[in-house]
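What follows is a short report on a single structure.
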Amino acid sequence: MPNICLTFGTKTPASDICVALTTLEGLASWWTNDTAGDPTQDGTVTFTFGSNGGFDMRVIKVAPRQVHWECIKGPEDWIGTRIEFEIQEEGNHNQLMFRHVGWKSENPFFHHCSTKWATFLLSLRDYLEQGEGRPFPNDIKIEASGM
């Protein structure tokens, strides 16, 4: 099964990274403005992207350096996939390791999502380091002009 794996380093404390991954305000500041639900262990968070639809994520793990979700509602290719964030201490900085695991195949949607995840992780980095991310609908667009 193909997986999307990305990373970035930051001097942001692990506790602040966790806040960005485990609170509605934090999540809405880097992924999509339309974030609702319960981001605590065993809760469900809904992420909506306007007319593009959205995802429901069941929170399956919240630990000081790990956050894991399972997609329970959304596009067919996402159902049952897991999104994992892990914070690793690397000397004088933290490394955020990201994985979106369990894809059934590398299809055009997989490739699209790989690129979009990269843009949203850069949005998360900007939110952590500069106080302002680029969540949907202000995200970096990757579609062809007119789409």
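The values are calculated or read from the model by the stated rules, or taken from the named source; none is laboratory data. Predicted model only: the values in this text are computed from it and were never measured. Neighbour counts are summed over all protein chains in view; Cβ atoms, including those assigned to glycine, are modelled from backbone coordinates with ideal geometry. Note: areas computed on protein heavy atoms with side chains; ligands, DNA, RNA excluded. Shrake-Rupley method; radii C 1.70, N 1.55, O 1.52, S 1.80 Å.
Kindly check whether there is at least one residue in region 114-126 that is open to solvent by 30 Å² or more (accessible area, probe 1.4 Å), out of contact with any Lys or Arg (no Cβ under 6 Å at 6 or more places or on another chain), more than 14 Å from L6 (Cα to Cα) and not in a loop (DSSP other than H, G, I, E, B).
no
Would you confirm, using the coordinates I've provided, whether S29 is among the small types (G, A, S) and touching a residue at least 60 places away in the same chain (Cβ under 8 Å)?
The answer is yes for S29.
If you go through region 60-72, how many residues are touching a residue at least 24 places away in the same chain (Cβ under 8 Å) and either among the β-branched types (V, I, T) or open to solvent by 20 Å² or more (accessible area, probe 1.4 Å) (or both)?
5
Among (1) under 21 Å from T10 (Cβ atoms); (2) part of a loop (DSSP other than H, G, I, E, B), there is one condition Q95 misses while meeting the rest; what is its number?
(2)
Do you know which of the residues in region 8-45 that are under 17 Å from R82 (Cβ atoms) and hydroxyl-bearing (S, T, Y) is surrounded by the fewest Cβ atoms within 10 Å (Cβ to Cβ)?
Only one residue fits best here, namely T44.
Would you check which residues across region 91-106 are touching a residue at least 40 places away in the same chain (Cβ under 8 Å) and on the phi > 0 side of the Ramachandran plot and list them?
G102
Counting only residues that are part of a loop (DSSP other than H, G, I, E, B) and touching a His at 6+ places or on another chain (Cβ under 9 Å), which one in region 1-49 is nearest to C71 (Cα to Cα)?
Once the filter is applied, the top-ranked residue is N3.
Looking at region 107-134, I want the residues that are closer than 21 Å to C18 by Cβ and have a partner that is charged (D, E, K, R) and not in a helix (DSSP H, G or I) with Cβ atoms under 6 Å, at least 6 apart or on another chain. Which pairs are those?
S123/R134
Using the structure shown, decide if I79 is open to solvent by less than 40 Å² (accessible area, probe 1.4 Å) and out of contact with any Asp or Glu (no Cβ under 6 Å at 6 or more places or on another chain).
No.
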